[in-house]
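The values are calculated or read from the model by the stated rules, or taken from the named source; none is laboratory data. This structure is a prediction, so every number in the text was calculated from the model and none was measured. Cβ placement follows ideal geometry from the backbone for every residue including glycine, while neighbour counts extend to all protein chains displayed. For accessibility, only protein heavy atoms count, side chains too; no ligands or nucleic acids. Shrake-Rupley method; radii C 1.70, N 1.55, O 1.52, S 1.80 Å.
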Amino acid sequence: MTSGMEAPKERIPGREYLFRLEDQHAFARWSGDCNPIHVDPIMARRTQPGACVVHGIHQVLLALQTWFAGSPRHPDRRMPSQLTANFYLPLLLQQKVHVVVTSADDTSVVLEIRQGHASCTKVMYRFEPGTGRDFSPVTTLPPAASEAVDLDFAAIANQTGLCELILPESVSETFPDVVRELGPGITAILLGLSRIVGMHCPGLHSLFAFFSLTFDACPIHGPLIWKVTGKDARFSMVHLAVAAPGVQGRIRAFVRPTSARLPAIAELPDAVDPNGYAGQQVLVVGGSRGLGEITAKLVARSGGAVVLTCHQGQNDAQRVVDDLRAWGAKAHWLSWDVRTSDDLSRPLRNIGFCPTHVFYFATPKIFNKQGNKEFHPEMLALFCDYYVNGFLRLLQALGTNVQKPLRCFYPSTTALDTPVEELAEYAVAKAAGETLCRHVSSFMPDIKCFCSRIPRTETDQTTSMVKIPALSPLTVMQPLVEQFRHY
């Protein structure tokens, strides 16, 4: 986080925080919650949030540290009686947030972590006067590294386990007021909750939703026992109970949809014309996954040579290329960012590639409004940088290393036909992209643009907890790839 992870010396209204990737790695070491959705940007981009998500317990510790450090010392030590947290929205990295005290009295406080006006996390802490508990020492060595358990929803029933209480010294240094107020035992329990959800159950595909802990007068010591108590298939939600001497609690967590898997080229149905793209050299921008991946496979299945580009996810690009080559197709991949003006013609010439066709699938995260219905100019600017400026930069970056006329496929959206409230900025940018396509030939006469409005399609971009009807990428792109050949 900004401010070097330091606790504020006084309460400063409106103080902002920023979680960075290095903060994520530090918390993963402390808690043992090394779930890739928190620490691996490449893997996380294929999840529903589309990027690394800040650990929920990390947010809880930040909120409590901010309040404890800024509030006056209680004349009698505040004894925790209950701690509850709701995680409403996934909090992504590099997004400014601030801690807000929504209510406080002599026995409780309610805190929120907000991004703008949106509440991401709510923490409710109840306490009472007391003399402090004794508890057995907790281990200070960081948890051993491990991999998150990969459980599907059906396999989660009856899961149970033990979680040792661990409190590395770095946590006490970073959140000193939390450890002083809650005690090492409760702080270690919070870290254990993150480890249970992120690494054990639901594990790899988890998303923390809620916890509530109630404390009694008994000394706290581990291990923390956890077990699954129920499931709700409607929302892919798992209910767990946790218990140890001095504490009882409940957890709710989602089981996230797995990343969309596309068929290998050998699994595709026979093309309408197996030689339809024979002799053609096809550039697929954004071809490492989703619509770009299935397009590359369809073109190769029809006899075309393919070069795909990616900005991130080089391993995904190599996987696609390996699949195409195993089929016998000519295929390469290049790393290229549509947001730059880097020359693309030279690397293409270096591999003897002169495009006849271009498919343009470069995109940022689309569903990114976090439940906020306001129109966001900065989001519109990002979409335009990809869908308008990025497309124009591509045409300029290709230079003269193309076969004329160059045919370009531009995917638009049916959200222009049937408006979707949360896609307003996206639709406006796509409309501008369509307008650009209509005018390209006036200043680039050797380029022909083919626009098609794509419906909601099953990709990593459109996964959701509640199933929403969507077409398969193959169903959408197979007729369009064939139609584009004749354009």
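Points worth noting:
- Within region 280-311, tally of residues that are in contact with a helix residue (DSSP H, G or I) (Cβ under 6 Å, 6 or more places away or on another chain) and assigned to a loop (DSSP other than H, G, I, E, B): 4
- Candidates in region 437-487 are the residues that are among the β-branched types (Val, Ile, Thr) and not in a helix (DSSP H, G or I); of these, the one that is farthest from residue 407 (Cα to Cα) is 466.
- Region 33-43, residues that are at pLDDT 95 or above and farther than 17 Å from residue 94 by Cβ: 33, 34, 35, 36
- Qualifying residue in region 2-16 (condition: at pLDDT 85 or above and either basic (Lys, Arg) or surrounded by fewer than 22 Cβ atoms within 10 Å (Cβ to Cβ) (or both)): no
- Sole exception among (1) without any contact (Cβ under 8 Å) to a residue 24 or more places away in the chain; (2) in contact with a Pro (Cβ under 8 Å, 6 or more places away or on another chain) for residue 352, by number: (2)
- Members of region 313-333 found to be under 24 Å from residue 460 (Cα atoms), open to solvent by 30 Å² or more (accessible area, probe 1.4 Å) and either within 25 Å of the chain's Cα centre (by Cα) or basic (Lys, Arg) (or both), listed by number: 314, 315, 318, 319, 333
- Of the helices (runs of 4 or more DSSP H) lying entirely inside region 340-405, the ones with 1 or more residues being closer than 23 Å to residue 447 by Cα, small (Gly, Ala, Ser) and over 27 Å from the mean Cα position of the chain (by Cα) are found at 345-350, 390-398.
- For first residues located in region 64-82 and more than 13 Å from residue 111 (Cα to Cα) and modelled with pLDDT of 90 or more, partners that are outside any strand (DSSP E or B) and open to solvent by less than 60 Å² (accessible area, probe 1.4 Å) and lie 6+ apart or on another chain with Cβ distances below 7 Å form the pairs 80/182; 80/186.
- Any chance residue 432 is open to solvent by less than 20 Å² (accessible area, probe 1.4 Å) and touching a helix residue (DSSP H, G or I) at 6+ places or on another chain (Cβ under 6 Å): no
- Here 143, 129 are screened, and the one residue that is in contact with a helix residue (DSSP H, G or I) (Cβ under 8 Å, 6 or more places away or on another chain) and either open to solvent by 20 Å² or more (accessible area, probe 1.4 Å) or assigned to a loop (DSSP other than H, G, I, E, B) (or both) is 143.
- In region 400-418, the residues that are modelled with pLDDT under 90 and either touching a strand residue (DSSP E or B) at 6+ places or on another chain (Cβ under 9 Å) or open to solvent by 40 Å² or more (accessible area, probe 1.4 Å) (or both): 400
- Residues of region 28-38 satisfying the condition of being closer than 19 Å to residue 202 by Cβ and of a type in the set (A, V, I, L, M, F, W, C): 28, 34, 37
- Screening 209, 148, 154 for residues that are under 25 Å from the mean Cα position of the chain (by Cα), under 30 Å from residue 48 (Cβ atoms) and in a helix (DSSP H, G or I) leaves exactly one candidate, 154.
- Any hit, region 83-102, residues being farther than 25 Å from residue 254 by Cβ, touching a strand residue (DSSP E or B) at 6+ places or on another chain (Cβ under 7 Å), buried (at least 19 other Cβ atoms within 10 Å of the Cβ) and in contact (Cβ under 8 Å) with a residue 24 or more places away in the chain: no
- Looking only at residues of region 103-115 that are open to solvent by 20 Å² or more (accessible area, probe 1.4 Å) and under 19 Å from the mean Cα position of the chain (by Cα), we find that the one that is modelled with the lowest pLDDT is 115.
- Search result, residues across region 217-239 that are modelled with pLDDT of 90 or more and either of a type in the set (S, T, N, Q) or more than 24 Å from the chain's Cα centre (by Cα) (or both): 223, 224, 225, 226, 227, 228, 229, 230, 236
- In the condition set (1) out of contact with any helix residue (DSSP H, G or I) (no Cβ under 7 Å at 6 or more places or on another chain); (2) closer than 21 Å to residue 338 by Cβ; (3) of a type in the set (Lys, Arg), residue 485 is compliant with all but (2).
Yes/no matrix, rows are residues, columns are (1) closer than 21 Å to residue 108 by Cβ; (2) out of contact with any Cys (no Cβ under 8 Å at 6 or more places or on another chain); (3) open to solvent by 10 Å² or more (accessible area, probe 1.4 Å); (4) in contact (Cβ under 8 Å) with a residue 12 or more places away in the chain:
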{"position": "176", "(1), (2), (3), (4)": "no, yes, yes, yes"}
{"position": "196", "(1), (2), (3), (4)": "no, no, no, yes"}
{"position": "201", "(1), (2), (3), (4)": "no, yes, no, yes"}
{"position": "208", "(1), (2), (3), (4)": "no, yes, yes, yes"}
{"position": "213", "(1), (2), (3), (4)": "yes, yes, no, yes"}
{"position": "218", "(1), (2), (3), (4)": "no, yes, yes, yes"}
{"position": "231", "(1), (2), (3), (4)": "no, yes, yes, yes"}
{"position": "239", "(1), (2), (3), (4)": "no, yes, yes, yes"}
{"position": "245", "(1), (2), (3), (4)": "no, no, yes, yes"}
